[in-house]
Every structure is written in structure tokens, then in C-alpha cells.
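Comments concern the structure below.
The values are calculated or read from the model by the stated rules, or taken from the named source; none is laboratory data. Being a predicted model, the structure only gives us computed values, none of them experimental. All Cβ positions, even for glycine, are placed from backbone atoms using ideal geometry, and neighbour counts span all protein chains on display. Heavy atoms of the whole protein, side chains included, go into the accessibility calculation; ligands, DNA and RNA do not. Shrake-Rupley method; radii C 1.70, N 1.55, O 1.52, S 1.80 Å.
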Amino acid sequence: MAAVRKAREHVDERLSRESEVGMLREAILHLNDQERTVLSLYYFEELKSADIADVLGISESRVSQIRTKALGRLRSELAPMRASA
């Protein structure tokens, strides 16, 4: 019985995680192109703000503003998911 319960918990965790990933993807799609680009370069390509500024032809300060705004929008969209966790 313990093995069945453990397997069920594993499946439940995986389904929950897949649901969370899906919600995150959906929230990211609601960002504008520039916000998605900045987040992608910062978090996935691991570029520094100065490098992103060079790539996009904007100031480093503007990169920071865009990233902050995008993260705030993601937090707002994902708040219901975090509240239910």
C-alpha cells in the first residue's frame, strides 16, 4: 500500500508541476516582445544587463526597467497559483 500511495503522490506532484509550467508559459506569452526578449536574454542566455542593453540598443537602466516590469506582470498573473499552493 505504501508503494501505491508514494506512486500516486509522485504522479500528483508531476501533474501539479506540469500545470504550473503551463501557467508560466501562458503568462510569458502575455508579455510584450521586448519584455520576453529581455527575460530570455537575462535568464536563459545569462547575459548581464549591460550586454542586453548593447544587443537591444537601449540603456542598461531601460533594461532594468523592462525586466522589473515584466517580472511584476508575471507575479500578478501567477498570484492565484501561488495563493493556492
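A few remarks follow.
- Note that the chain shows a convex hull volume over its alpha carbon atoms of 98 Å³ per residue.
- Structure-based [θ]222 nm, the chain - -39500 (n - 2.57) summed over DSSP H runs of at least 4, per residue, nearest 500: -27000 deg cm²/dmol
- Solvent-accessible surface of segment 39-85, averaged per residue with a 1.4 angstrom probe and all protein chains in place: 69 square angstrom.
- With each label modelled as a point 7 angstrom along the Cα→C-beta vector, the residue 77-residue 55 pair spans 2.0 nm.
- Multiplying the residue separation of residue 11 and residue 32 by 0.36 nm and removing their Cα-Cα distance gives an extension gain of 4.1 nm.
- Ligands, DNA and RNA left out, the 1.4 Å accessible surface of the chain is 53% carbon and sulfur atoms.
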